[in-house]
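Working notes, structure below.
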Amino acid sequence: MMRPRLLDLFCGAGGAAMGWVRAPMPMRMEVSWAAGFFDGEGYVGVRRDKRAGRNPTLQIGIEQVRLEPLVRFAKAVQWDGNILLRPTKRAPERQKIHRLIMGHEDTVQTMMFLWPYLCEPKQEQFLKAAKEVDDATSKVA
C-alpha cells in the first residue's frame, strides 16, 4: 500500500499546487486554536481613559510581526475590526508590528468564545481586569 503524500495530508492536492494553502479546520477546533494562540501571545487588560466622565473598559491586544495569525484569530472569534500596523516613526530600524486591539464589547464577546479553552492564568487575568472595571463602574453609579 502506498503512503499518502505529506503535502496532501495537510494542504491537499500536493500542497495546493505548491501554494501551501492550509486545509480548513472545523469551527470548534479553530476556536480552540485561537484560545491557545491568545494564551501565549495575547493579553486582556483595562484601558483607562483619564478624561472626565469616562469609565475604564476591557481591552484585548495581540501583537505579531506576521499578519496571518491575527487574521486567523479574528476569523475564529468572529471579529471584524481593523488590525493596525504599529508606526515606525520613532525607530525606523524596528520591525513592523501588526496589532489587534479590541474594545470593551468585542472583548467580552471574544472572552465568551474562548473561555472554555483558556488556561487558568489567562482566565484569572480576565477576571482581575473585569473586577477592576466593575468596581470602577459601581463607584460612578
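Taken together, the values in this text are just the output of simple stated rules run on the coordinates, not laboratory data. None of these values were measured; they are calculated from a predicted model. Don't worry about glycine lacking a Cβ; one is built from the backbone with ideal geometry, like all the others, and counts go over all protein chains shown.
One table, with the values for the structure above:
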item	result
Inter-label distance, nm, simple model (7 Å from Cα along the C-beta direction), residue 66/residue 28	2.8
Value of D in µm² per second that Stokes-Einstein yields for region 22-112, Kirkwood Rh from Cα pairs, at 20 °C (1.002 mPa s)	149
Modelled label reach - residue 85, point 7 Å along Cα→Cβ, region 37-70 residues with backbone N closer than 17 Å	63-70
Members of 75/131; 96/128; 96/131; 50/128; 75/128 lying beyond 24 Å, as alpha-carbon distances in this model show	75/131; 96/128; 96/131; 75/128
